[in-house]
Amino acid sequence: MDTRGRDLRGKRAAPAGSLVRRLLLLAGLGCALLLIAGCGQSQGGQSTLHPASDQSRKILHLFWGMLAAAVVVFIGAVVLLAISYRRRNREGIPLVEAENEKAVSSGLVVAFGIVIPVACLIVLFFIANIGVVKATDAPAPGQTKMNVTVIGHQWFWEVRYPGSAAVTANEIHIPVKTPVNVTLKTADVIHSFWVPELNKKVDMIPGHPNTLELYADHVGMYRGQCAEFCGLQHAHMSMAVYADPPAKFRAWLANMAKPVAPPASPQAKAGEQVFLTQQCASCHTIRGTSARGTIGPDLTHLQTRNTLAALTIPNRKGYLGAWVIDPQHFKPGNKMPGLNLSGAQFSNLLTFLEGLK
Ligand code: CUA
């Protein structure tokens, strides 16, 4: 290749700069596609694109409307930019033509720089506030039969059912096709409760309870996530909403309200003693025993939950044992210390925990 950018066959070689630009563009498009693919998961995948309630459908329609408006404005701006680029530095055109062009340019600036953006913003403001924000607000207290209280903790969700003794964590059961009024509180810092397939996100503010309506129009699991940075394990602060058929929900709630049954075997009995005499009982409550701690989640019916540590790991024997021995491995910074137990103590404790149904 010679110094003028031609190879030996006389063809012009592509300058290195433009090749890099093309590669960057391709990489950018690839990343955008991957991001979009991430939005398209199926139900239960925490996707704003799979609404399962009127509220989340309204939010999705607003999103598509705003995206369409933004695309039209963006394309208009690019077209105007291209026109101005072609017309710059034109010299020697007749004076009348130059004056006309100046007037047209000023008109375009006023139309596209002021009139159209202001009109777009006013229309979107009214659609968003009247059509969506109001429609996604929780109903006034007393207008829904079903109430749930969710309290954010670093880093799990405490779930209470007013009027029932039921207390659980991270996995919230509601009856399907039933409006549920959720009161949102926090025990420490600001968290934000967000189940994208069901409704908008609402912050949990210290000293200021907020409310949110949860409604699911079909049976299933809807994943949610804390949406406000709340410390080291913010990313491991997920929750699941299970919308159950009404009869199944009533049976679940009745079971959750009961204290735990007495240990079924000598090993489980010995495991209960390990729980009550080691640090466990000072942080966790198990209704029906003397364990009354309030720092960690209520464990009364631990085995009715599918996950541990706010959906961080599955609730299976191996994971449960590993979590008890070394919780800091899965969730560094969480408040649970690892336990230093003998083999027999560990085995008995696991047997006891597996009996919490
Ligand atoms: Cu709780 Cu982020």
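The values are calculated or read from the model by the stated rules, or taken from the named source; none is laboratory data. Please read all numbers here as calculations on a predicted model, not as lab measurements. Cβ: placed from backbone, ideal geometry, glycine included. Neighbour counts: every protein chain shown.
Remark: F126 falls outside the filter, which requires a residue to be of a type in the set (F, W, Y), farther than 30 Å from D203 by Cα and outside the structural domain of A240 (by TED's automatic domain parsing). Can T183 be described as surrounded by 18 or more Cβ atoms within 10 Å (Cβ to Cβ) and either not hydroxyl-bearing (S, T, Y) or not assigned by TED's automatic domain parsing to the domain that holds S53 (or both)? Taking the combined requirement at face value, the residue satisfies it. For segment 125-143, the set of residues classified as crowded, with 18+ Cβ neighbours inside 10 Å and either over 21 Å from the mean Cα position of the chain (by Cα) or assigned to a helix (DSSP H, G or I) (or both) consists of V132, T136, listed by residue number.
Residues in segment 205-215 that are modelled with pLDDT of 95 or more and either assigned by TED's automatic domain parsing to the domain that holds R57 or more than 13 Å from L184 (Cα to Cα) (or both): 0 in all. Pairs linking a residue in segment 97-112 that is of a type outside the set (S, T, N, Q) to a residue that is at pLDDT 80 or above and surrounded by 12 or more Cβ atoms within 10 Å (Cβ to Cβ), with Cβ atoms under 7 Å and 6 or more positions apart or on different chains, are L108/L80; F112/G76; F112/L80. In segment 322-331 there is at least one residue matching the filter, namely being surrounded by fewer than 16 Cβ atoms within 10 Å (Cβ to Cβ) and outside any helix (DSSP H, G or I). Taken as a whole, the condition of being surrounded by 15 or more Cβ atoms within 10 Å (Cβ to Cβ), within 16 Å of the ligand (Cβ to nearest atom) and either aromatic (F, W, Y) or more than 29 Å from P332 (Cβ to Cβ) (or both) applies to F193.
When we screen A216, A169, A227 for residues that are surrounded by 20 or more Cβ atoms within 10 Å (Cβ to Cβ), within 20 Å of L49 (Cβ to Cβ) and either small (G, A, S) or within 12 Å of the ligand (Cβ to nearest atom) (or both), the only hit is A216. The residue that is nearest to W194 (Cα to Cα), counting only those in segment 222-247 that are among the small types (G, A, S) and free of Cβ contacts under 8 Å to residues at least 12 places away in the same chain, is A235. A single member of V202, V148 is within 16 Å of the ligand (Cβ to nearest atom), within 30 Å of N334 (Cβ to Cβ), surrounded by 14 or more Cβ atoms within 10 Å (Cβ to Cβ) and at pLDDT 90 or above, and it is V202. Can I174 be described as within 30 Å of L80 (Cβ to Cβ) and either within 16 Å of the ligand (Cβ to nearest atom) or touching a residue at least 12 places away in the same chain (Cβ under 8 Å) (or both)? Spelling it out, it is not the case that I174 is within 30 Å of L80 (Cβ to Cβ) and either within 16 Å of the ligand (Cβ to nearest atom) or touching a residue at least 12 places away in the same chain (Cβ under 8 Å) (or both). The number of residues in segment 274-316 being crowded, with 16+ Cβ neighbours inside 10 Å and part of a helix (DSSP H, G or I) comes to 6. Evaluate the following for S56: is it of a type in the set (S, T, Y), in a helix (DSSP H, G or I) and over 30 Å from K177 (Cα atoms)? Taking the combined requirement at face value, the residue does not satisfy it. Take A270 and decide whether it is at pLDDT 95 or above, out of contact with any strand residue (DSSP E or B) (no Cβ under 8 Å at 6 or more places or on another chain) and away from the ligand (no atom under 16 Å from the Cβ). Taking the combined requirement at face value, the residue does not satisfy it. Kindly indicate whether any position in segment 241-250 is more than 15 Å from the ligand (Cβ to nearest atom), buried (at least 19 other Cβ atoms within 10 Å of the Cβ), under 13 Å from the mean Cα position of the chain (by Cα) and closer than 25 Å to T304 by Cβ. Within segment 241-250 (the criterion being more than 15 Å from the ligand (Cβ to nearest atom), buried (at least 19 other Cβ atoms within 10 Å of the Cβ), under 13 Å from the mean Cα position of the chain (by Cα) and closer than 25 Å to T304 by Cβ), the answer is yes, since at least one residue qualifies.
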